[in-house]
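As structure tokens, the structure follows; a few thoughts come after it.
The values are calculated or read from the model by the stated rules, or taken from the named source; none is laboratory data. Note that the structure is predicted; figures quoted are calculated from it, not measured. Glycine also receives a Cβ, built like all others from the backbone with ideal geometry; neighbour counts cover every protein chain displayed.
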There are 4 protein chains.
Amino acid sequence: MAQRVISPERLRAFSDGVIAIIVTIMVLELKIPEHVGDKGLVNGLLIPLAPKLACYAMSFLVVVTMWGNHYALMATVRDVTRTILWLNNHLLFWMSLIPFATGFLGDNPRLADGYAVYGFVLTASVASFALMRWHGVTQDREDPELARVHRQVLKKSVLATVLYVSAIPLAYVSIWIAIAIFIAIPVMFFLPIFAHRGDA
Amino acid sequence: MAQRVISPERLRAFSDGVIAIIVTIMVLELKIPEHVGDKGLVNGLLIPLAPKLACYAMSFLVVVTMWGNHYALMATVRDVTRTILWLNNHLLFWMSLIPFATGFLGDNPRLADGYAVYGFVLTASVASFALMRWHGVTQDREDPELARVHRQVLKKSVLATVLYVSAIPLAYVSIWIAIAIFIAIPVMFFLPIFAHRGDA
Amino acid sequence: MAQRVISPERLRAFSDGVIAIIVTIMVLELKIPEHVGDKGLVNGLLIPLAPKLACYAMSFLVVVTMWGNHYALMATVRDVTRTILWLNNHLLFWMSLIPFATGFLGDNPRLADGYAVYGFVLTASVASFALMRWHGVTQDREDPELARVHRQVLKKSVLATVLYVSAIPLAYVSIWIAIAIFIAIPVMFFLPIFAHRGDA
Amino acid sequence: MAQRVISPERLRAFSDGVIAIIVTIMVLELKIPEHVGDKGLVNGLLIPLAPKLACYAMSFLVVVTMWGNHYALMATVRDVTRTILWLNNHLLFWMSLIPFATGFLGDNPRLADGYAVYGFVLTASVASFALMRWHGVTQDREDPELARVHRQVLKKSVLATVLYVSAIPLAYVSIWIAIAIFIAIPVMFFLPIFAHRGDA
């Protein structure tokens with residue numbers, strides 16, 4: 001009765017749809033300032049909008065990187081068990097809060113609280129990825145090559161979780177430490193994500 | 001002239017798209033409070049936002065559970081008749097009101113009215129599922145195994161409908177009864193949804 | 001060089017995505033009224049929201065009916081020519097204005113202007129369908145059965161266009177005439193849309 | 001280990017989803033004016049909304065043209081390398097700012113600043129297309145026919161980039177020059193996009 005189990009293609013398509021919407025509705029947080037004409041382009045638009053635009057760009061980078069990782073993760077799933085389905089729903093829930101955290105940070109770019117909230121949502125998202133990879137490690141033991149990939153990505157996900165969670169208190173020391181962490185993690189992730197192709 | 005009938009794949013993809021948008025635009029109801037800096041993270045953000053976040057999480061749970069059920073339902077459809085097409089449109093209509101009901105409840109977390117409206121929209125959504133399953137029972141008589149599954153899910157859908165509808169008056173007795181019902185139903189649904197796989 | 005032509009599947013999937021978003025973002029026009037608690041459920045929510053909800057339900061009916069018709073239309077397309085691509089873009093443009101017209105009508109339910117604007121957007125949408133069917137008639141001459149279907153639907157689309165366009169001046173006579181037309185057309189369309197299956 | 005590379009179909013579907021959302025959420029910038037009843041349809045709705053509607057129509061034309069070009073581009077991709085993935089993300093980032101630029105221009109239709117911002121976002125988007133085509137030229141050297149198509153489209157993309165970038169300073173000379181450029185480019189693009197089919 002395979003038809004009653006959700007197919008990996010379907011789960012992937014649904015998740016892709018949700019992620020595509022997440023990444024695109026974030027742009028709705030870029031509210032257009034009023035009375036720009038009185039103040040000129042620089043003072044009326046660019047200066048008030050700069051932190052929001054920077055946050056949007058950062059979150060865009062984060063979400064498309066997560067999309068790539070989600071794709072890589074889904075490619076390892078043969079059967080969507082109920083556990084995988086709910087681990088995936090759990091991941092999408094935290095990712096769906098990224099537009100909110102982005103908007104809040106963009107509104108409060110000098111406030112450590114903004115970085116703490118943003119760091120919390122990213123921590124939860126990346127921890128959800130780690131949980132799925134950990135589940136993969138326990139499930140795919142009979143396939144040593146796949147288990148090795150799961151463990152490798154799991155290590156990176158745990159590292160990213162630790163870094164993001166550390167950004168929460170560190171934001172209260174200096175927001176620049178938090179910013180450095182937020183930018184370093186997607187770069188760390190997207191650089192070697194397909195690097196194991198070289199040894200294939 | 002099979003080409004003029006909507007294929008099940010197409011109906012599923014369209015429905016998935018609508019459900020993915022429903023689940024994601026709900027996050028737009030999480031309006032960012034202003035002047036957080038003056039009040040601090042707890043008083044300025046977490047306390048005012050807590051009921052909205054809780055409602056969002058609850059509705060996320062409801063909608064992804066419905067998505068799973070919709071998937072399971074669509075997997076039983078071979079030919080999309082006009083009746084199935086319109087029963088599905090009817091279901092999507094009520095589901096599309098969930099973001100509104102969520103936003104209203106999140107704005108009015110102490111008001112029984114909020115729970116009544118939320119309960120009404122969920123009642124209508126689950127009743128639409130029951131209607132589709134009931135249609136399935138009448139259509140798939142010649143396949144006893146499939147008809148048995150339809151009847152089994154129909155029973156659960158009718159139970160959920162009765163519980164949700166009872167949440168409407170009970171919210172005026174105590175909002176906590178309504179909350180208990182709202183959380184119990186998705187849990188009841190997602191737990192045994194694929195349970196019959198065991199006896200397959 | 002077939003790869004440079006857009007495949008019908010792709011055009012269908014893109015159009016389905018746009019239509020799914022159109023039908024779902026309309027619900028964002030249902031703004032949640034404030035201070036409901038002071039006024040009670042009926043005076044605070046149901047009475048102010050009733051016209052908006054009715055408009056939303058009507059537009060939901062219109063758009064899902066158009067989706068069914070778009071599906072039926074796309075099923076007749078083998079090669080996506082540049083003409084078909086742009087006729088389809090033209091159709092999606094007008095359909096994308098339906099959420100705006102719905103919101104405007106919902107805000108101004110007693111104003112003939114609201115019905116005129118709504119009627120105009122629906123006229124343009126249905127006329128775009130008629131244009132596509134008329135193009136189909138000229139393209140598919142060598143397939144008499146297909147050309148017959150095109151002509152049959154074209155007739156209905158022209159009738160719908162004439163009715164919608166007549167709703168614009170008639171709204172200034174009585175808004176009830178406009179309402180009757182707006183409801184009659186989707187009913188007329190969804191009833192016999194697959195009726196020719198009987199004689200297949 | 002092909003499974004860990006993103007398939008072209010997947011990248012296309014994700015990009016199509018993002019572009020479908022971009023083109024549709026732009027309509028949310030068409031805010032419904034209040035108190036239309038007091039001022040009449042022309043003064044209350046059409047006159048204040050005309051520039052926004054014109055901007056929306058222009059951006060709709062721009063985005064669906066870009067969608068067609070994106071489709072044509074993706075049709076040439078056999079293997080999604082990390083470079084292509086990130087060039088595509090880069091493109092989607094700039095395209096995702098089009099709704100913002102459209103809303104800003106629609107709010108400030110007499111201000112050269114609006115045209116400058118709009119021109120900047122379109123410049124960045126078209127330059128991203130040019131970058132992808134330039135990458136294609138360097139990648140597909142062994143396929144002379146494909147390389148020829150890449151070079152041909154690259155030339156047009158570079159021309160469009162130069163025209164859009166020139167619209168930024170020219171908007172300060174006259175907004176009508178900027179408008180002429182904004183309309184000319186999609187027309188130039190959609191006219192000959194499939195023209196080489198003739199010589200196939």
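Counting the residues of the range D:138-169 that are loosely packed, with under 15 Cβ neighbours inside 10 Å and part of a loop (DSSP other than H, G, I, E, B) gives 3.
Tell me yes or no: at least one residue of the range C:91-111 is at the interface with chain D (Cβ under 9 Å from one of its Cβ atoms), charged (D, E, K, R) and touching a residue at least 60 places away in the same chain (Cβ under 8 Å). Checked against the condition, which is being at the interface with chain D (Cβ under 9 Å from one of its Cβ atoms), charged (D, E, K, R) and touching a residue at least 60 places away in the same chain (Cβ under 8 Å), the range C:91-111 yields at least one hit.
Can you confirm whether the range B:51-59 contains a residue that is more than 9 Å from every other protein chain (Cβ to nearest Cβ) and touching a Leu at 6+ places or on another chain (Cβ under 6 Å)? Please lay out each step first, then the result.
Going residue by residue through the range B:51-59, those that are more than 9 Å from every other protein chain (Cβ to nearest Cβ) are B:51-52, B:54-55, B:58-59.
After this cut, where a residue has to be touching a Leu at 6+ places or on another chain (Cβ under 6 Å) as well, the list is B:52, B:55.
Yes; the residues of the range B:51-59 include at least one that is more than 9 Å from every other protein chain (Cβ to nearest Cβ) and touching a Leu at 6+ places or on another chain (Cβ under 6 Å).
The single condition among (1) modelled with pLDDT under 95; (2) surrounded by fewer than 21 Cβ atoms within 10 Å (Cβ to Cβ) that residue D:120 does not meet is (1). From the list B:8, B:48, the lone residue that is more than 7 Å from chain A (Cβ to nearest Cβ), surrounded by fewer than 20 Cβ atoms within 10 Å (Cβ to Cβ) and either under 28 Å from residue A:110 (Cα atoms) or aromatic (Phe, Trp, Tyr) (or both) is B:48. Residue-level check: of (1) touching an Asp or Glu at 6+ places or on another chain (Cβ under 8 Å); (2) over 19 Å from residue B:68 (Cβ atoms); (3) crowded, with 16+ Cβ neighbours inside 10 Å, residue A:17 misses just (2). Taking the range A:112-142 as the search range and keeping residues that are of a type in the set (Asp, Glu) and more than 19 Å from residue A:71 (Cβ to Cβ), which one is farthest from the other protein chains (Cβ to nearest Cβ)? Residue satisfying both the conditions and the ranking: A:142. For first residues located in the range A:70-83 and facing chain D (nearest Cβ under 10 Å), partners that are at pLDDT below 85 and in a helix (DSSP H, G or I) and lie 6+ apart or on another chain with Cβ distances below 7 Å form the pairs A:72/D:4; A:75/D:3; A:75/D:4. Within the range D:26-43, track down each residue that is within 16 Å of residue C:118 (Cα to Cα) and more than 8 Å from every other protein chain (Cβ to nearest Cβ). Selection gives D:31, D:33, D:42.
Here A:78, A:110 are screened, and the one residue that is more than 21 Å from residue A:7 (Cα to Cα) and charged (D, E, K, R) is A:110. Here residue C:95 does not qualify as closer than 27 Å to residue B:23 by Cβ, surrounded by fewer than 21 Cβ atoms within 10 Å (Cβ to Cβ) and within 13 Å of the chain's Cα centre (by Cα).
Among all positions in the range B:148-166, there is no residue which is away from chain C (no Cβ under 14 Å), in contact with a Leu (Cβ under 6 Å, 6 or more places away or on another chain) and of a type in the set (Val, Ile, Thr). Summed over the range C:74-96, residues that are touching a Leu at 6+ places or on another chain (Cβ under 9 Å) and hydrophobic (A, V, I, L, M, F, W, C) total 9. Only one of the numbered conditions (1) over 22 Å from residue A:99 (Cβ atoms); (2) surrounded by fewer than 24 Cβ atoms within 10 Å (Cβ to Cβ) is not met by residue D:90, and that is (1). Tally up the residues in the range A:131-148 that are farther than 13 Å from residue A:79 by Cβ and either of a type in the set (Phe, Trp, Tyr) or touching a helix residue (DSSP H, G or I) at 6+ places or on another chain (Cβ under 7 Å) (or both), please. So the answer is 7.
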